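Structure first, then comments.
The values are calculated or read from the model by the stated rules, or taken from the named source; none is laboratory data. For clarity, every value in this text was computed on a predicted model and none was experimentally measured. For neighbour counting, all protein chains shown are included, and Cβ atoms are generated from backbone atoms with ideal geometry for every residue, glycine included. Areas reflect the complete protein model, heavy atoms only, side chains present, ligands, DNA and RNA absent. Shrake-Rupley method; radii C 1.70, N 1.55, O 1.52, S 1.80 Å.
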Amino acid sequence: MVHSVMSIPQEKDMTGKTITLQQVNLYMSYRNKLKQNVAAAKAGISERSARRIDKGEFSLSKTHRNYRTRVDPFGGDFEKHLIPLLREDPLLQPITLLDKLDELFPNKYDKSNLRTLQRRVNKWLVTEGPDKEVIFRQTHEPGAMALCDYTWMNALQITIAGELFKHKLFHYRLIFSRWAYAQIVFGGESFESLSSGLQNAFWRSGGVPQEIRTDSLSAAFNNHYEQQVLTERYHKLCKFYQVRPTRNNRGVAHENGGIESPNGHLKNKIDQQLRLRGSRDFTSLDEYQSFIEGIVSKINRQYKTRFVEERAALSALPKRRTHDYSELHIKVTSCSTINIKRVIYTVPSRLIGAKLLIQLYDDRLDIFHGHQHTLTLQRVYAPQSLRLRAVNYKHIIHSLAKKPNAFKCSQLRDDIVPAGDFTLIWQAITANGVTDEACRYMVDLLLLAYNYECEKSLGRFVLNSVEQHSVVTIDTCRKRFVPQKIDIPMIKTRQHQTADYNCLLAVAHG
């Protein structure tokens with residue numbers, strides 16, 4: 001029967017359509033029992049096609065032509081002018097090349113030639129273009145590697161107590177089991193946030209992997225010195241936990257693909273849960289962190305079996321954590337301020353001139369005088385190349401009350417006034433200019449708020465009067481918020497005689 005297949009033009013069936021493989025198979029099944037003409041009729045093909053099938057001269061494969069069916073619209077200009085450009089820079093787009101042709105040959109080519117040029121460029125890239133980078137899928141062993149990265153959360157528009165909260169998440173992931181950990185990062189990619197996040201992840205997972213992979217951490221420092229310090233401290237941290245640090249090459253995101261893609265999935269999960277929650281506002285950071293931890297816990301439950309396997313392969317934790325803060329030694333200025341990372345903080349005036357040890361965490365400043373902890377301040381982050389102030393009027397109000405005129409031209413004046421009601425009060429009483437009376441009035445209000453712990457209620461009371469175009473006096477505020485003295489009556493008593501105790505003794509021994 002059929003012994004070979006020749007590459008010849010395709011045959012048509014009796015309806016004029018190209019013969020299909022199903023028709024050929026059907027003809028062959030009939031041909032074993034029927035005559036050629038009968039089998040051909042049943043299969044719906046002509047006897048001529050049947051004879052070709054029997055002789056092995058029929059093929060369903062299309063022959064590839066090596067000739068053009070229409071005139072080349074570029075007339076050799078593609079080969080002459082565009083291929084040299086593509087060889088020099090294969091990333092040139094067809095629309096750019098079309099603009100180049102229009103420069104060389106004005107009014108000869110237009111947008112109608114773009115689709116043809118796109119096909120021509122794609123064909124050249126496939127047949128003659130440069131080699132592309134190959135992605136090699138990896139096989140991971142339990143406990144071998146973990147990945148960590150930072151991801152911005154600004155797009156989700158999270159608010160804390162009504163204020164927009166710009167922040168990142170530190171995201172840690174065991175590559176084998178896909179177990180994850182995430183925590184809020186306040187200031188960005190600093191050693192403090194990296195150390196805190198890694199240690200929390202190690203202790204939460206119950207062990208340490210053999211290798212920890214990060215990105216280049218280029219956003220964690222502003223200059224070469226900071227890069228050296230961070231690198232040195234990071235390597236010391238890894239040495240403490242006996243984990244090998246590695247980094248992917250800068251600008252090659254897929255080398256950290258095991259965490260980059262989950263970053264997007266995690267943010268999508270958070271966004272969906274926020275939509276179900278019906279609000280993106282949280283009363284406190286603790287509430288928001290608990291919300292994040294709840295979502296991550298649900299994700300980890302999906303990989304419980306693999307995590308149990310990987311946890312057994314993790315290295316043991318040390319007996320204790322190492323510190324996750326930086327240390328600074330700073331002397332308090334005569335203005336009762338300290339300057340840290342382009343941010344001016346006020347401290348209680350009793351510390352003026354003292355040398356302080358500052359433990360700089362991701363979210364706070366712990367301040368020590370000698371070995372004595374004296375103060376904790378919330379850490380503030382200044383945007384790159386800018387400076388900020390974190391002023392607490394309570395630290396300096398008593399000194400300011402002794403010389404209220406200093407408030408008028410103080411460099412910290414607008415920062416001393418607390419945000420909220422007091423800011424609105426200050427704007428109202430200085431609408432026509434900053435006067436000595438307005439400055440003394442504001443200082444007296446702040447002193448009253450501090451001495452009697454009535455900042456919120458006092459601010460609301462005064463602002464209500466301002467809104468009614470009648471500024472309440474300081475005396476009125478004192479009468480309302482200063483506790484009234486209570487007169488304690490003098491009680492006169494008569495001291496009895498000591499001899500009266502004899503009666504009691506006589507009764508007791510009687």
Item to check | Subset of segment 142-181 that is over 16 Å from Asn268 (Cβ atoms) and polar (S, T, N, Q) - its residue that is least open to solvent (accessible area, probe 1.4 Å) | outcome: Ser177
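Just to check your reading of the model, which residue among Val462, Val472, Val466, Val443 is in a loop (DSSP other than H, G, I, E, B), open to solvent by less than 50 Å² (accessible area, probe 1.4 Å) and hydrophobic (A, V, I, L, M, F, W, C)?
Details: Val462 fails: in a loop (DSSP other than H, G, I, E, B); Val466 fails: in a loop (DSSP other than H, G, I, E, B); Val443 fails: in a loop (DSSP other than H, G, I, E, B).
Unique residue meeting the criteria: Val472.
Just give me the residues in segment 322-343 being among the hydroxyl-bearing types (Ser, Thr, Tyr) and crowded, with 17+ Cβ neighbours inside 10 Å, in sequence order.
Once the filter is applied, which keeps residues that are among the hydroxyl-bearing types (Ser, Thr, Tyr) and crowded, with 17+ Cβ neighbours inside 10 Å, segment 322-343 yields Tyr325, Ser326, Ser336, Thr337.
Might you let me know whether segment 494-509 holds any residue that is among the small types (Gly, Ala, Ser), assigned to a loop (DSSP other than H, G, I, E, B) and either without any contact (Cβ under 8 Å) to a residue 60 or more places away in the chain or closer than 22 Å to Thr346 by Cβ (or both)? Working first, answer last.
Residues of segment 494-509 that are among the small types (Gly, Ala, Ser), as a first pass: 499, 506, 508.
Filter once more, so that each one left must be assigned to a loop (DSSP other than H, G, I, E, B): none.
The answer is no, given that none of the residues of segment 494-509 is among the small types (Gly, Ala, Ser), assigned to a loop (DSSP other than H, G, I, E, B) and either without any contact (Cβ under 8 Å) to a residue 60 or more places away in the chain or closer than 22 Å to Thr346 by Cβ (or both).
Of all residues in segment 179-208, count the ones that are part of a helix (DSSP H, G or I) and not basic (Lys, Arg).
Number of matching residues: 14.
Out of all the residues in segment 139-178, which are among the charged types (D, E, K, R) and either without any contact (Cβ under 8 Å) to a residue 12 or more places away in the chain or in a helix (DSSP H, G or I) (or both)? Working first, answer last.
Quick first cut of segment 139-178, residues among the charged types (D, E, K, R) only: 141, 149, 163, 166, 168, 173, 178.
Across segment 139-178, the qualifying residue is only Glu163.
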Checklist entry - Taking segment 272-294, which residues are farther than 28 Å from Val208 by Cα and open to solvent by less than 50 Å² (accessible area, probe 1.4 Å)? => result Leu274, Ser279, Phe282, Ser284
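Yes or no, residue by residue, for (1) at positive phi; (2) part of a helix (DSSP H, G or I); (3) among the hydrophobic types (A, V, I, L, M, F, W, C):
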position: Pro262; (1), (2), (3): no, yes, no
position: Leu274; (1), (2), (3): no, yes, yes
position: Phe291; (1), (2), (3): no, yes, yes
position: Arg306; (1), (2), (3): no, yes, no
position: His323; (1), (2), (3): no, no, no
Next on the checklist: For segment 295-321, give me each residue that is open to solvent by 90 Å² or more (accessible area, probe 1.4 Å), of a type in the set (S, T, N, Q) and more than 28 Å from the chain's Cα centre (by Cα).
Outcome noted: Thr305
Next on the checklist: Can you pull out every residue in segment 415-445 that is within 38 Å of the chain's Cα centre (by Cα) and either hydroxyl-bearing (Ser, Thr, Tyr) or more than 16 Å from Gly459 (Cα to Cα) (or both)?
Outcome noted: Asp415, Thr423
Next on the checklist: Within segment 110-123, does at least one residue satisfy the condition of being open to solvent by 40 Å² or more (accessible area, probe 1.4 Å) and among the aliphatic types (A, V, I, L, M)?
Outcome noted: no
Checklist entry - If the Cβ limit is 7 Å and pairs must be 6+ apart or interchain, which residue in segment 396-417 that is in contact (Cβ under 8 Å) with a residue 40 or more places away in the chain pairs with which residue that is open to solvent by less than 90 Å² (accessible area, probe 1.4 Å) and assigned to a loop (DSSP other than H, G, I, E, B)? => result Ile396/Ser336; Leu412/Val391
Checklist entry - Do the conditions hold for Ser190, that is, is it surrounded by 13 or more Cβ atoms within 10 Å (Cβ to Cβ) and not aromatic (Phe, Trp, Tyr)? => result yes
Checklist entry - Which number in (1) in contact with a Gly (Cβ under 7 Å, 6 or more places away or on another chain); (2) free of Cβ contacts under 8 Å to residues at least 24 places away in the same chain; (3) among the charged types (D, E, K, R) marks the one condition that Arg311 misses? => result (2)
Checklist entry - Just to be sure, is Leu448 surrounded by 15 or more Cβ atoms within 10 Å (Cβ to Cβ), more than 41 Å from the chain's Cα centre (by Cα) and of a type outside the set (Ser, Thr, Tyr)? => result yes
Next on the checklist: Among the listed residues Lys132, Lys100, identify the single one that is at pLDDT below 90 and either open to solvent by less than 50 Å² (accessible area, probe 1.4 Å) or of a type in the set (D, E, K, R) (or both).
Outcome noted: Lys132
Checklist entry - Taking the stated definitions as given, is Ala382 touching a helix residue (DSSP H, G or I) at 6+ places or on another chain (Cβ under 7 Å), open to solvent by less than 70 Å² (accessible area, probe 1.4 Å) and either in contact (Cβ under 8 Å) with a residue 40 or more places away in the chain or in a helix (DSSP H, G or I) (or both)? => result no
Checklist entry - Within the group Val471, Val443, which residue is touching a Phe, Trp or Tyr at 6+ places or on another chain (Cβ under 7 Å) and under 27 Å from Lys408 (Cβ atoms)? => result Val443
Checklist entry - Is there any pair linking a residue in segment 204-215 that is over 14 Å from Asp149 (Cα atoms) and among the acidic types (Asp, Glu) to one that is at pLDDT below 95 and surrounded by fewer than 22 Cβ atoms within 10 Å (Cβ to Cβ), with Cβ under 8 Å and at least six apart or on different chains, and which? => result Glu211/Ala144; Glu211/Met145; Glu211/Val243; Glu211/Arg244; Glu211/Pro245; Glu211/Thr246
Checklist entry - Which of the residues belonging to segment 408-440 are within 21 Å of Ile338 (Cβ to Cβ) and assigned to a helix (DSSP H, G or I)? => result Arg413, Asp414, Asp415, Ile416
